[in-house]
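A short worksheet on the structure shown next.
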Amino acid sequence: MNWRNVSEEISEWIGDYAKRNGIQTLVVGVSGGIDSAVTSTLSAMTGIDTIVLNMPIHQDESQFDLSSRHIEWLKAEWENVSGEVLDLSSTYDEFRAEMGVLTDLSLANSRARLRMTTLYAIAGSNNGIVVGTGNKVEDFGVGFFTKYGDGGVDISPIADLYKSEVFAIGNELGIIEEILDAAPTDGLWDDGRTDEEQIGASYDELEWAMKELENPSNSEMSDREREVIDLYIDLHESNSHKMVPIPVFKLNSAYRGD
């Protein structure tokens, strides 16, 4: 596949959407990972003003540094890019103190939701939209994102790309090597745990499971492959509420006299 052509088509798609809707600014949260690096680069390629934000919350130093380095690379390559660091650590600390006892998972998700609020505040102040960074496995496979956190976006330019395809585009676009080599992580935990440690499977395995369930090969599976399939199905079902429209009660038309 010609990944240069694919990246240009995605960038044109972002630009066309913005122009059709009178949008002047693209806003992207940059985490130091491959998904946000590729998404922010595709946004920069549109020529539209692109604001990229590093939003640390007691962040692992390596993640913070990768995010900052990517922002500096973008600014050097595209004049339409501006970026800054918005440290949300004290905001998070105050929120945590006011809320009292919360579960670790709720606190982790709260970090993502504080970042979403920040992105929309910036977008709303610049006639902009928030550009999502989720890939296909996360957004439509296992639901590995925070509802109304990193799942709260206006458009999703890479949500039909498998993780391996995101890496392929990243290679084509010249994303810095350290980001390409870094273990994927959502950056929501103080211990710096990786996505694979949280999920229990690698993205390669999850991608394989997603494809296998869509188009079964009918070949005999190993014990590990069966384990991954079961894990994928469990995650897909348990997180389905993130991936389907919000349930809406429908009023019986008889009440309205229809």
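The values are calculated or read from the model by the stated rules, or taken from the named source; none is laboratory data. Please read these numbers as outputs of a predicted model, since none were measured by experiment. FYI the Cβ positions are ideal-geometry reconstructions off the backbone, even for glycines, and counts take in every protein chain you see.
Among all residues of segment 220-235, there is none that is modelled with pLDDT of 95 or more, over 17 Å from Glu207 (Cα atoms) and among the small types (Gly, Ala, Ser).
On the stretch given as segment 162-213, residues that are closer than 13 Å to Gln63 by Cα and of a type in the set (Ser, Thr, Tyr) total 2. Checking segment 192-200 against the condition returns a match, with at least one residue being farther than 18 Å from Asn5 by Cα and either among the hydroxyl-bearing types (Ser, Thr, Tyr) or touching a strand residue (DSSP E or B) at 6+ places or on another chain (Cβ under 7 Å) (or both).
When only residues in segment 35-73 that are closer than 19 Å to Glu9 by Cα and among the aliphatic types (A, V, I, L, M) count, which is surrounded by the most Cβ atoms within 10 Å (Cβ to Cβ)? So, considering only residues that are closer than 19 Å to Glu9 by Cα and among the aliphatic types (A, V, I, L, M), the one surrounded by the most Cβ atoms within 10 Å (Cβ to Cβ) is Ala37. Taking Glu165, is it among the charged types (D, E, K, R), outside any loop (DSSP other than H, G, I, E, B), surrounded by 14 or more Cβ atoms within 10 Å (Cβ to Cβ) and modelled with pLDDT under 95? No: the conditions fail for Glu165.
Ser202 - would you say it is modelled with pLDDT of 95 or more, in contact with a Gly (Cβ under 8 Å, 6 or more places away or on another chain) and of a type outside the set (A, V, I, L, M)? Considered against the rule, which asks whether it is modelled with pLDDT of 95 or more, in contact with a Gly (Cβ under 8 Å, 6 or more places away or on another chain) and of a type outside the set (A, V, I, L, M), Ser202 comes out as no. Being basic (Lys, Arg) and either part of a helix (DSSP H, G or I) or at pLDDT below 95 (or both) is the filter here; which residues of segment 130-162 pass it? Matches in segment 130-162: Lys136 only.
If I go through segment 208-245 residue by residue, how many of them are assigned to a loop (DSSP other than H, G, I, E, B), under 20 Å from the mean Cα position of the chain (by Cα) and over 23 Å from Ser164 (Cα atoms)?
Applying the first criterion (assigned to a loop (DSSP other than H, G, I, E, B)) to segment 208-245 yields 215-222, 239, 244-245.
Subset that is under 20 Å from the mean Cα position of the chain (by Cα): 239, 244-245.
After this cut, where a residue has to be over 23 Å from Ser164 (Cα atoms) as well, the list is 244-245.
Of the residues in that region, 2 qualify.
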